[in-house]
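Trainee: Just dropping this structure here.
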Amino acid sequence: QLSKRLTHVAENLPKGAFFADIGSDHAYLPCYVCLNDPSAQAIAGEVNQGPYTSALKEVKDRGLEDRIDVRLGDGLQVLKENEVHQIVIAGMGGPLIRDILERGKEKLSETERIIAQPNIDAPSVRRWFFQNGYDLVDELILEENGHIYEILVGDRGEPAASYDSSHVEKQLWLGPHLLKKAERAFNTKCKSELEKKEYVLSQVKQATVVNEDKITQLQKEISWLKEVLE
Ligand code: SAM
């Protein structure tokens, strides 16, 4: 059974998808998508030998070798130019997802949709979308096994379309759609984030060398979190 997290990722791929799952591990996601949609095709990319071998086995066991190509390599290097229409990068930190996208930019000219599921630091992915011509068309947040996961869906298009020009910084940090939807998991995330930020602020204020910029940034973030929780 596929995790709720990856099921939500799969639901954001169109029918007949031709996508790459970068950092595919066991290739559970491409197998699930291809088993549920006979017109889907995928490339499963893995940089590490162990997960690459697991992905090969999973694809073979499912009889999907003709529709899922498992490739060993770093990030988007496993792709040819203009090869896929969608890219999934899930289960890694936001900065790593951003670096994989940035280092493989030239492979993205035919990529209509990028689905990213950063485990930490989603703002770094939002910023990359914003600076690289991807419109953040939707965001999902869910809780599974005590963790809160965010899923960001970016389509090639006008990157500022989903942002309100007077609140871009706040929306890049918290997510324009997540702010609007105001779901329970988002509130839970903001509550724990507020506790962390308040603790960090108290520590920074006590430091021997006081970092005023850091204090200003933390105070700004704390006020945004309080606005959400009001
Ligand atoms: N995508 C799956 C998921 O969401 O459940 C697996 C996530 S797993 C925690 C992260 C996977 O990404 C690992 O299998 C790791 O080997 C792979 N990985 C890390 N950096 C990578 C890179 N630069 N290129 C390709 N795969 C990478």
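Trainee: Is it true that residue 27 is more than 11 Å from the ligand (Cβ to nearest atom) and of a type in the set (A, V, I, L, M)?
Mentor: no
Trainee: Could you run through the stretch 108-140 and say how many residues are of a type in the set (Gly, Ala, Ser), within 16 Å of the ligand (Cβ to nearest atom) and either out of contact with any Leu (no Cβ under 7 Å at 6 or more places or on another chain) or over 12 Å from residue 152 (Cα atoms) (or both)?
Mentor: In the first step, residues of the stretch 108-140 are kept if they are of a type in the set (Gly, Ala, Ser); the result is 109, 116, 122, 124, 133.
Remaining after also requiring within 16 Å of the ligand (Cβ to nearest atom): 116, 122, 124.
Subset that is either out of contact with any Leu (no Cβ under 7 Å at 6 or more places or on another chain) or over 12 Å from residue 152 (Cα atoms) (or both): 124.
Qualifying residue count for the region: 1.
Trainee: Residues in the stretch 74-93 that are of a type outside the set (S, T, N, Q) and either part of a loop (DSSP other than H, G, I, E, B) or more than 13 Å from the ligand (Cβ to nearest atom) (or both): how many? If you could, list the steps in order and put the result at the bottom.
Mentor: Of all residues in the stretch 74-93, those of a type outside the set (S, T, N, Q) come to 74-76, 78-81, 83-85, 87-93.
Filter again for either part of a loop (DSSP other than H, G, I, E, B) or more than 13 Å from the ligand (Cβ to nearest atom) (or both), leaving 74, 79-81, 83-85, 93.
Total meeting the criteria: 8.
Trainee: Evaluate the stretch 58-65: report whether one residue or more is closer than 20 Å to residue 118 by Cβ and either in contact (Cβ under 8 Å) with a residue 12 or more places away in the chain or away from the ligand (no atom under 12 Å from the Cβ) (or both). Before you say what the answer is, go through the steps one by one.
Mentor: Taking the stretch 58-65 first, the residues closer than 20 Å to residue 118 by Cβ are none.
Checked against the condition, which is being closer than 20 Å to residue 118 by Cβ and either in contact (Cβ under 8 Å) with a residue 12 or more places away in the chain or away from the ligand (no atom under 12 Å from the Cβ) (or both), the stretch 58-65 yields no hits at all.
Trainee: Can you tell me which residues in the stretch 145-161 are modelled with pLDDT of 95 or more, surrounded by 13 or more Cβ atoms within 10 Å (Cβ to Cβ) and in a loop (DSSP other than H, G, I, E, B)?
Mentor: 157
Trainee: Something else now. Can you tell me which residues in the stretch 38-65 are assigned to a loop (DSSP other than H, G, I, E, B) and within 23 Å of the chain's Cα centre (by Cα)?
Mentor: Taking the stretch 38-65 and keeping what is assigned to a loop (DSSP other than H, G, I, E, B), we get 38-40, 47-48, 62-65.
The answer is 40, 47, 48.
Trainee: Give me the pairs: first residue in the stretch 78-105 and more than 27 Å from residue 67 (Cβ to Cβ), second residue near the ligand (Cβ under 8 Å from one of its atoms) and in a loop (DSSP other than H, G, I, E, B), beta-carbon distance under 7 Å, and six or more apart or on different chains, which are they?
Mentor: So the pair list comes out as 93/119.
Trainee: Does the stretch 22-33 contain at least one residue that is without any contact (Cβ under 8 Å) to a residue 60 or more places away in the chain, out of contact with any helix residue (DSSP H, G or I) (no Cβ under 7 Å at 6 or more places or on another chain) and within 14 Å of residue 70 (Cβ to Cβ)? Even if it seems obvious, please write down each step before you answer.
Mentor: Filtering the stretch 22-33 for residues without any contact (Cβ under 8 Å) to a residue 60 or more places away in the chain gives 24, 26-28, 30-33.
Next, from what is left, pick out any that are out of contact with any helix residue (DSSP H, G or I) (no Cβ under 7 Å at 6 or more places or on another chain): 30.
Pick out the ones that are also within 14 Å of residue 70 (Cβ to Cβ) and you get 30.
Yes.
Trainee: If you go through the stretch 142-163 one residue at a time, how many are without any contact (Cβ under 8 Å) to a residue 60 or more places away in the chain and among the aliphatic types (A, V, I, L, M)? Show your work before the answer.
Mentor: Filtering the stretch 142-163 down to residues without any contact (Cβ under 8 Å) to a residue 60 or more places away in the chain leaves 143, 145-148, 150, 152, 154-163.
Still in the list and also among the aliphatic types (A, V, I, L, M): 148, 152, 160-161.
Matching residues across the stretch 142-163 total 4.
Trainee: Right, next: Answer yes or no: is there a residue in the stretch 78-86 that is basic (Lys, Arg) and in contact with a Cys (Cβ under 9 Å, 6 or more places away or on another chain).
Mentor: Within the stretch 78-86, the subset basic (Lys, Arg) is 80.
Add one more test, that the residue is in contact with a Cys (Cβ under 9 Å, 6 or more places away or on another chain), and what stays is none.
Looking for residues that are basic (Lys, Arg) and in contact with a Cys (Cβ under 9 Å, 6 or more places away or on another chain), one finds none in the stretch 78-86, hence no.
The values are calculated or read from the model by the stated rules, or taken from the named source; none is laboratory data. Source: prediction; values computed, not measured. Virtual Cβ from ideal backbone geometry, glycine too; neighbours counted across all protein chains shown.
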